[in-house]
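Each reported figure results from applying straightforward, stated rules to the coordinates on display, with no laboratory input. Since the structure is predicted, the reported quantities are computational estimates derived from the model, not experimental observations.
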Amino acid sequence: MRSNRFAGGRRAFTLIELLVVLAIIGILLSLVVVAVHAAMIAAKRKAAGVDIANIRTALSFYEHDFGMLPPSGAENLFRCLSAKTRDGPGAYMEFARDRIGGTGDERKFLDSWGKPYAYVRLAAFDSAGRLFHVYSPGPNGIDETDDAPPDGVLAEAELAGPKGDDVGSW
């Protein structure tokens, strides 16, 4: 009787070998998923930063045309920047339809996470020489500015910089 475990000259993989290969593939796949997820988060933060820069530019054009900034609030930001200008047919800013939330007078520009951008007009110039701040509350949707009052009006000192996962124009 032959005690050769390779009957017929064919070699097969053992269960241990298959499990080791599957474990290696699983580890590599988990590393790829983590890297892709991190890249997606970075891309959303970058897109929010670009949107904020575009909103700031549009607000500067609005201020140049009308001699003042719109009142604070995400609804006012949308209403003033998406309206037709006095001199021409275009708006100061346009967003894709899936980046606009709300209906009627409650419409707002949405960030990469589907949350409305916050807009605060300041009473006086801040330390950077700006009269307004535009920011995104970030992926968690919570404004993490220190000691924010319940009505959402924020003092310049409270807007010293982004907190938590907020993306701002600071």
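Can you tell me the Rg and Dmax of the stretch 67-136, counting just the alpha carbons, in angstroms?
12.8, 36
I'd like the Karplus ³J(HN,Hα) series for the stretch 71-77: coefficients 6.51, -1.76, 1.60, θ = phi - 60°, whole numbers in Hz, and an x wherever there's a Gly or Pro.
For the stretch 71-77, the Karplus-derived couplings read x, 4, x, 5, 5, 5, 4 Hz, x marking Gly and Pro.
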